[in-house]
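First the structure, in the form of structure tokens, and then the observations on it.
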Amino acid sequence: MKQLIQSSLYLLLLFLWSCNNGSSLKSDSIDRFALVTRHNVHLQEIDPLAPLTLGNGDFAYTLDVTGLQSFENYYYENGVPLETRTTWTWHAFPNTNNLTLEDAMKESDFHGRKIKYASNQNSPAGDYFRINPHPVPMGKIGLVDENNQSLERSSIKQIDQVLDLWQGLANSQYQVDGQPVSVETVCHPTKSIIAFRIESSLIESGKLRPSFHFPYSYDFSLKNKPAFDWKSTNKHLTEVAEKSDNHVLLKRAIDSTSYWIDIRWENSGEWNKVGSHEFTIDAKGSDHLVLVCEFLPTKAGAQHLSFDDIKQMSADSWQTFWTEGAAVDLSESTDPRADELERRIVLSQYLMKVNYSGSFPPQESGLSNISWYGKHNSEVYWIHAAQFYQWNHTELLEKGLSWYGKILPAAQADAQSKGFEGARWPKMSGIDGRVSPGTINPFIIWNHPNPIYLSELVYRAHKDSVTLHRYKDIVFESAKFLASYAYYDPETDRYILGPPIKSVNESTEENTTMNPTFELTQWYHGLSIAQQWRERLNMERDSLWDDILDKLARPTMQNGKYVELESDPSMYDRDGNYSSAMLMALGYLPKTPMIDEQIMRNTFEAIYERNGLESFVSWSQGKGALTAARLGDTKKAIDIVCNDVPKAKFNKSGYVCRPKEGIKNPAYLPVNGSFLAAIGLMAGGWDGAPDVHAPGFPKDGTWKVKTENLQKLP
């Protein structure tokens, strides 16, 4: 009896403590199904900013309200394009002028040493090697009418479309000219397969039929949302390689690139060629059509799976993702912003899995649509990938990180060609790892420490010798470059960064830019972690790295605040927005001897006070919240992640427009990635965080934060 009373008293005290702290204790009983499915995407009108993307990280299919890609032009012109994408199919326009990367190079002065960088962006070679190679648009699969014409938007009524996040299944119900249509769309969890179940009397009458249409490539007159090139019909080949009653194997040849599409269907269906690169299936006689399309790099290897098989595999895979990963449940919170915040969390988890969990880290719009010529932008790779570790999916972080191992020889060769040691990672590149020319690209440096930081996150998840040996080359070769790039200035007895350099904001002149606060702190953190890896592997510390850690230039301050650049100490004297890149030195990065917390607090307050929440849109939303949380300002942290100014809007399917480009860049996924990193830190904590549950959330009684499986950041 005494023991029962003591136990009850303990539980009562525990309950009162949690109430006073405004946040629930860690929960082991989050209803994952309820959490996820209450944020299923539900559309009842055509919304070009909210298409649904199904995918697995290496393949993605973006669909409109018909469950297919029937309104390509409307979505392209007004929102997110409807694309079919893979990470493995790449194309290059013919190099008819025999251009070389050397032709795009110009000399830059690096402390008295001449280095050739591919900075001549506007030369013929610069233009060619920026665009090439680029991903292949794999083809459009949509619905057309009996005359093989695109459907009219006005003919679509009674739309009721749901993305079932628990199963990875899009269920689309609507009417065409008054007749009901039902479409289920699902993607295979690992293969490049998209499958459809279409039911309607319009299928039986032949007034509705699936269409397969293949463009040549893209029109790259627009960098961030290029249109399909439908005009160059004589530059590519689409041929039927095999055909039977319910099966067609298509071969696609685009210059030197080729791939295959295995198309199978159930019930009756007549395959018709209606254009040089366009085909339809006329399924007269049956009111439903089941269609499975697999994209392949070679002729052999098609899986020949049924729709039901793929649907079940998708459901199993997504349920594993949702149940084994981390979760944050805000359903018991009374703050009126809680439901929208939880929606952003769940949809961002979904979108990052679909777009960034593959074997090649894609561009900033993921696989939803092509931008930056489809090239990986390595400076934002931490923003895309660190959240996988935080949300207990380190295996997905490792899939992309393994690509760095594959391109290591190319990165080492590039460093050596410029007189540096180690690996100089490409700022912007295709799957081949070759650098892309640009006026900015060669001078960005905040990409180089990222592989060290991400490898350290893998080690935190798997503290064993296997992890150390798997990633030691990436860590040490990255560190060698950091050490050889830091220039020793004998006049000041310190190591400096730049010139030439472009800081995070990319707007300064590279030949006069020196010692950015964030990049200096990155260098310190990266070399510190690399030294720890040497010690873990029973190696001696590197004496040069220690010398750099001791003598590295420290961030510049003005009136008790950090400035972005040593070479721009008067930034606070100017009107307009302040750069906020220096906030990343404590937030994105953990506490280091480089940064004083009070000075960073002063810096954050100055930026916040100048423009308030308008300063924290796009990926700055996550950036600002990371810093606010580490500084203990939980109110501003939650205000930032709940930001509801128009430029911070998460559209219905979770995509966010890049503010300065709007619908010209309508699926800017660094927003979702940085947001998840911030929420993961606020709810899951960090090394040295206050010893309370969800240390980044306010303790005002309105936030009840249930968490499971979150991993702490350093």
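Bear in mind that the values in this text are calculations on the coordinates, not laboratory data. Keep in mind that what you see is a predicted model, and the values were worked out from it rather than measured. Here Cβ is always computed from backbone atoms with ideal geometry, including for glycine, and neighbour counts include all displayed protein chains.
Name the chymotrypsin sites (Phe, Trp or Tyr not before Pro) in segment 78-122 that are in a loop by DSSP and that have at most 11 other C-beta atoms within 10 Å, would you?
Values: sites: W88, W90, F110, Y117; in loops: W88.
Sparse-neighbourhood loop chymotrypsin sites (Phe, Trp or Tyr not before Pro): none present.
Overall, the ratio between the Cα radius of gyration of segment 61-176 and 2.2 N^0.38 Å, rounded to two decimals, is 1.66.
Using the Cα atoms as the points, what is the convex hull volume per residue of segment 195-333 in Å³? Intermediate values should be presented prior to the final figure.
Details: hull volume 28.5 nm³, N = 139.
In segment 195-333, the Cα convex hull volume per residue is 205 Å³.
For the chain, would you read off the P(r) tail past 37 Å as a percentage of all alpha carbon pairs?
41 percent
Scoring 453-460, 179-186, 63-70, 224-231 by mean Cβ neighbours within 10 Å over their residues and listing the highest first yields 63-70, 453-460, 179-186, 224-231.
Over what distance in Å are the Cα centres of segment 664-704 and segment 63-142 separated? Each part reduced to its Cα centre gives a spacing of 34 Å.
Quick check: Cα centre of segment 568-585 to Cα centre of segment 422-460, how many Å? When both Cα centres are located, 25 Å separates them. Sorted largest first, the principal axis extents computed over the alpha-carbon atoms of segment 292-355 equal 56, 20, 18 Å.
Just to confirm the filter: which chymotrypsin sites (Phe, Trp or Tyr not before Pro) across segment 300-362 are DSSP coil and have at most 16 other Cβ within 10 angstrom of their Cβ?
Numbers: sites: F307, W318, F321, W322, Y350, Y356; in loops: none.
The qualifying sites: there are none.
Would you work out which of P516, F59, P226 lies farthest towards the positive end of the dipole of the chain? Charges go on Cβ: Lys and Arg +1, Asp and Glu -1. Working it through, the farthest residue towards the positive pole turns out to be P516.
Around A629, what is the net charge, scoring Lys/Arg as +1 and Asp/Glu as -1 over all other residues with Cβ under 14 Å from its Cβ? Numbers along the way, then the final one.
Values: positive: K591, R601, K623, R630, K635, K636, K699, K712; negative: E597, D633, D639, D687.
Taking every other residue near A629 into account, the sum is +4.
Anisotropy class assigned to segment 260-396 is prolate, per the alpha carbon gyration tensor with a/c at or over the 1.5 cut-off and a/b larger than b/c. Taking Cα centre as origin and charging only the Cβ of basic (Lys, Arg, +1) and acidic (Asp, Glu, -1) residues, the dipole magnitude of the chain rounds to 560 debye.
With a cap of 16 neighbouring Cβ atoms within 10 Å, and only residues DSSP puts in a loop, list the GluC sites (Glu not before Pro) found in segment 508-613. Before the final figure, lay out each step's value.
Details: sites: E509, E510, E519, E535, E540, E564, E566, E597, E605, E609; in loops: E509, E540, E564, E566.
Those that pass, being in a loop and sparsely packed, are E509, E540.
Taken as Cα centroids, segment 243-257 and segment 379-405 sit 35 Å apart, rounded to the nearest whole angstrom. Take the Cα radius of gyration of segment 462-559 and divide it by 2.2 N^0.38 Å, N being the number of residues; the result is 1.21. Highest average first, the peptides 279-291, 420-432 ordered by how many other beta carbon atoms sit within 10 Å of their residues are 420-432, 279-291. Highest average first, the peptides 640-646, 235-241 ordered by how many other beta carbon atoms sit within 10 Å of their residues are 640-646, 235-241.
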